[in-house]
Every structure is written in C-alpha cells, then in structure tokens.
Amino acid sequence: MIKKIVSVIVLALVIVACSSSDGDGDKKAADNFDRQTMLINWADNIIIPVFQDLNTKLESLVTAKDGFVATPNQANLDAFRTAWLNAYKVWQYAEMFNIGKAESTNYVYQMNVYPTTVADVEANIANGTYDLTHANNNDAVGFPALDYLLYGVASGDTAILNVYTTNTNAAGYKTYVSDLVNQMKSLTQTVLNDWTSGYRDTFVNSTANTATSSTNKLTNDFIYYYEKGLRANKIGIPAGNFSTNPLPDKVEAYYNQGVSKTLALEAIDAVQNFFNGKAYTSSTTANSFNAYLDYLNMAKGGEDLSTLINNQLNVARTKLQALDANFTNQINTDNSKMTIAFDELQKAVVLFKVDMVQAMNISVDYVDADGD
C-alpha cells in the first residue's frame, strides 16, 4: 500500500514537472508580434516604392540609351552615364528583395554580377546572336556590363565614341548596349507588375513563422544581401579577405573608377533603413526588424539588440566613409582601410545571423561557404 502511494506521488510530481516545463517552453516561444503590419510596411512603404523608382530610373536609362544609339556623341554619352549611375544607386535598395518574381526570374543575377566578363561581352557582340536571359550570360549583362561598355570599352572618351561610330562593328556595339538596357527595364517591369498585381497580397497575408513564410524568407534575403552582396562582394572579395592577395579589379563599377564608395554607402543606408522600417520616399518609420526585436526584448527580457545593430551599422558606415571614392585606388594604396571596413561590417553579420534570427526563431536557409 505504501509503495502504491509513493508511486502515485512520484507520478504526480512527474506530470507536474512536465506540465511546468511545457508551460515554460510555451512562454519562451510565445510571439504575438503583429507580423502583418510589418509585412504591410515592407511591401507598401519600402519594396513597391523601391521598384517603382528603379523602374522610373530605368525608363530614363532607356531614353538616354536611345539618344546615344541614335547619335553617339559626348553629350549623349554623358547623359547615358548619368542615367546609368542614377539607376545603379536605386538598385542598391532593390537587390535585397530577392523574393517572388525576382527570385523566379534570376533577376538579381541578371542585374548585378560583377566584375563583368569582358570576353563574354565581346564574344556576344562579335557573334551578334545571344540569349541575354541565359545563366551563362549573367556575367555579361546588367549594370556591370554597361559599366564596361560606357567606361572601359576603350581608353578615353574619344576612343569610346569611336567604338560606337567608326568601328567596323559599331552597329553590333550599339545593338548590344541597347539590348542590355531593354532587358534590364523589361525584367524590372516584370518584378514590379508582380508586386502590384497580386503578389503583394500574398506576401502580406503570409504571417506564419515557417520556412516558406514571407517574414522568414525575406529575413534570409536581407541577411544574405548584407553578408554577401555588401560585406563580401563590395569589400571583402576585392580587399582579399577570401584570397591570398587583394583583387582590386573585382570592385563594383570597376571601369567607372569613382563610384564604388558611392554605391557601398547607398547599400548600407538601404540595409539600415530597411532594418528600421523607414519608408523609401519619406522619413516615416513603421514596424520592421528593430520594432520586432524591441517587442521580443520587452516580452522576454534580454539585451537591446536593435540598438546594438544600429550602433554597429553606424560604425561600419564611418569606416566606409573613410575610404577613397575609388576602391581600386584604396586597395592599391592602403588596403588596410578596406580590411578594417570589412571587419566592422562582419561584426553586424554575427548580430544579424546569430542573435537576430535566434530571437525571432528563424532559421538561416543558405549555406555560408566563406569560412567565417
């Protein structure tokens, strides 16, 4: 009888302990943050306005290109270059949104794989037949290919203009540059149309915490862009962080020789603005990662992660601002400043990729092959 009573008591204690443990787990996992308001802010105030602006800038690029192709002179070359840079700066805000139609159309890789492979560009022009949408041409299209064709196809503006006027295949060069710009505009219009004709509603209504939900997918896109598109591609790879020696020919906008820093600063602004939920066309802010982390911090206790991230991004920006406008010059004269900037950017990777995703209970869905 005593054994029976002891068994019942032990069983009761086990049940209570299990119940208590389950309750603590539920409390720990509780997350009632309004994801939908965050998704609505992302879609309506940031993503769609970014693609609208990029589409408008690419319309201007088409117009400038048409003028140059019709009359390849210095004034039209300058206008073409200005339109290219204006669109390229907006691209820094769009590249992280590799979701929906952008993902399925290989959009990011069609717009900004650098450095461009000059041999592929020249082969396409010489052959006169090409499929710009093919993956084999990712390194022969988009902003980097235009960088080469507007700045690097010959030495000096007079020689560049001769390529499009007196060269034996001037018609081929004009056709290719025209096809490039038209392809960029067409792809962007497709992505924008997708957002405004149905995908927006699908996106904002996907509020669950699953691997395929909007928040989880875009969080991964955001971190991937910061880690790879900004930290590695713009700074780490050309600075030699992943190779034996620096690779100054791998900077973004290599042939322009003066806007690498401009594009990097636009990129870090884009990252921080999105993190804080800042509208693209105004100073208004609404729910985004910072608000989500603040909510989790208040609900569960812990460090002020949103402040840590913002502070680190500010430090990284300061290091970028200290660089030469021409990253190739910076690498060749004092590469230590590039590696210092990389180190500060890297510190935010840890905050994003470890602390933020753990707090939000989101898994990283891509493999990091950098060894960092």
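Using a basic spin-label model with each label point 7 Å from the Cα along Cα→Cβ, how many nm lie between PHE242 and SER186?
Those two pseudo-labels are separated by 3.1 nm.
What do you get when you divide the Cα radius of gyration of the range 208-372 by 2.2 N^0.38 Å, with N the number of residues? Mind dumping the intermediate values first?
Details: Rg = 16.5 Å, N = 165, 2.2 N^0.38 = 15.3 Å.
For the range 208-372, the normalised Cα radius of gyration is 1.08.
Please give the charge dipole size of the range 208-372, origin at the Cα centre, charges +1 on K and R Cβ atoms and -1 on D and E Cβ atoms. Round to the nearest 20 debye. Please list the in-between numbers first.
Working: 13 positive and 18 negative charges, 38 e Å.
It comes to approximately 180 debye.
Could you work out the mean projected area of the convex hull around the alpha carbons of the chain, in square nanometres to one decimal? Walk me through the numbers on the way to the answer.
Working: hull surface 93.7 nm².
For the chain, the mean projected area of the Cα convex hull comes to 23.4 nm².
Peptides 40-46, 311-317: what's the order by average Cβ count within 10 Å, highest mean first?
Put in order of decreasing packing, that is 40-46, 311-317.
If r is the Cβ-Cβ distance from ALA70 to ASP157 and R0 is 22 Å, what FRET efficiency results, to the nearest 0.05?
0.75
Quick one: Cα centre-to-centre distance for the range 279-338 and the range 186-212, in angstrom?
Centre-to-centre distance over Cα atoms comes out at 26 Å.
Given the rule -39500 (n - 2.57) for each run of at least 4 DSSP H residues, summed and divided by the residues of the chain, what is its mean residue ellipticity at 222 nm, to the nearest 500 deg cm²/dmol?
Working: 18 runs with 224 residues, N = 372.
About -19000 deg cm²/dmol.
Modelled label-to-label distance, LYS300 and ASN314, 7 Å Cα→beta-carbon offset: nm?
2.6
Coordinate-derived values only; no laboratory data. Keep in mind it's a predicted model, so treat the numbers as computed, not measured. Using ideal geometry, Cβ is built from the backbone for each residue, glycine included, and neighbour counts are taken over all protein chains shown.
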